[in-house]
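Encoded as structure tokens, the structure appears first; notes follow it.
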Amino acid sequence: MKKGFTLIEAIITIAIIVVLAGIAVPQVEKQLVKAKKNSDIYSAKTIAFAIREHIEDGNILLDASKKEIDFNDEINFPWVKNIENAKDMKPKMDKNYKFFYSYSTTTDEIKVLAGPEISKVKQLYPVVDETDDYAPNM
């Protein structure tokens, strides 16, 4: 009686592992993309809530149409100080993306967007609603 595996048994085992890896890798990649998107949505909600809190504290926020957010500029963006670790906040979907926001004083609507430049932004968090049961930690 021989000890060990035959060549056929080893090839079949390797084939099974390759098939399982072929099934698993695309699923893992999908989950990574989903996690990055969820992280960006959470960041967008955090930004929107910080802006809303700034307004509710009686501060005036001028109309802004797709204005890029500079997390290091607390003079032009005073609401940034309400966000914990704001200087580390960057979109995760793409390293070239930046956060933008849009605010209308007439409709009191806040939109947070992300994209590589102002003309190519994608809306992440459309409107801050006071009834929103999700409030991020700031």
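Within the stretch 64-93, which residues are outside any loop (DSSP other than H, G, I, E, B) and of a type in the set (A, V, I, L, M, F, W, C)?
Selection gives 64, 79, 80, 86.
One residue is enough: does the stretch 1-9 have a residue meeting the conditions of a type in the set (Ser, Thr, Tyr), exposed (fewer than 14 other Cβ atoms within 10 Å of the Cβ) and at pLDDT 90 or above?
So in the stretch 1-9, the residues of a type in the set (Ser, Thr, Tyr) come out as 6.
Those still in the list that are exposed (fewer than 14 other Cβ atoms within 10 Å of the Cβ) too: 6.
Going one step further and asking which of them are at pLDDT 90 or above, we end up with none.
Among the residues of the stretch 1-9, not one is of a type in the set (Ser, Thr, Tyr), exposed (fewer than 14 other Cβ atoms within 10 Å of the Cβ) and at pLDDT 90 or above, which makes the answer no.
Taking interchain pairs and intrachain pairs at least six residues apart, which have beta carbon atoms under 8 angstrom, with the first residue in the stretch 94-107 and farther than 15 Å from residue 66 by Cβ and the second among the hydrophobic types (A, V, I, L, M, F, W, C)?
105/61; 105/62
Within the stretch 109-138, how many residues turn out to be modelled with pLDDT of 80 or more and touching a helix residue (DSSP H, G or I) at 6+ places or on another chain (Cβ under 9 Å)?
5
The conditions are (1) assigned to a helix (DSSP H, G or I); (2) over 24 Å from residue 119 (Cβ atoms), and residue 36 fails exactly one of them. Which is it?
(2)
The values are calculated or read from the model by the stated rules, or taken from the named source; none is laboratory data. All values reported here derive from a predicted model rather than from experimental measurement. Note: ideal-geometry Cβ built from the backbone for every residue, glycine included; neighbour counts use all protein chains shown.
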